[in-house]
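Report on one structure; see the data block that follows.
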Amino acid sequence: MFGKSKKNAEITYIAAGCTITGETEFIGNALIGGTIFGKVVAEQNVTIEPKGSIDGQLACQELKVSGIFKGKLQCERLIITSSGTVEGEVASKTMEIFEGGQFIGVRVKEEMNLLQDLKSENKLNKNNLFEGLELQSE
């Protein structure tokens, strides 16, 4: 009754020249002009300005990139503007790239994770490349 609605949360601005390292959570929208290293969770939208960057993991509703994003991204919608660069693994329902925008990486389904440890995925080890896999004979 007296609590603030999450949908009406204020915007958080990380100014140019500001650097944040670690885990960060935004309840409302976030505008990134500075640099964030680490894990970021946003309940709403994140916008990276032309001189802004995020390096790490990001989960949000919508990401608009005019600067640089590197790492793992999970979102409903990704927009890469003409000055934006996204590098890494992206799980998004929709993706829009404007002319001049760059996407360097792989787009995956939400339930997939291509950056999993190869040892657990392919049962690789130093002694036997395919240990645990059964060969079928006719």
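Listing for the model above:
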| item | result |
| --- | --- |
| Candidates Glu99, Glu87, Glu62, filtered to the one that is of a type in the set (Asp, Glu), touching a Gly at 6+ places or on another chain (Cβ under 6 Å) and without any contact (Cβ under 8 Å) to a residue 40 or more places away in the chain | Glu87 |
| Search result, residues across region 57-103 that are closer than 20 Å to Val41 by Cβ and part of a loop (DSSP other than H, G, I, E, B) | Gly67 |
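FYI, it's all coordinate maths here, none of it is from the lab. Because the structure is a prediction, the values reported are computed rather than measured. A quick note on method: Cβ atoms are made from the backbone with ideal geometry, for glycine too, and the neighbour counts reach across all protein chains shown.
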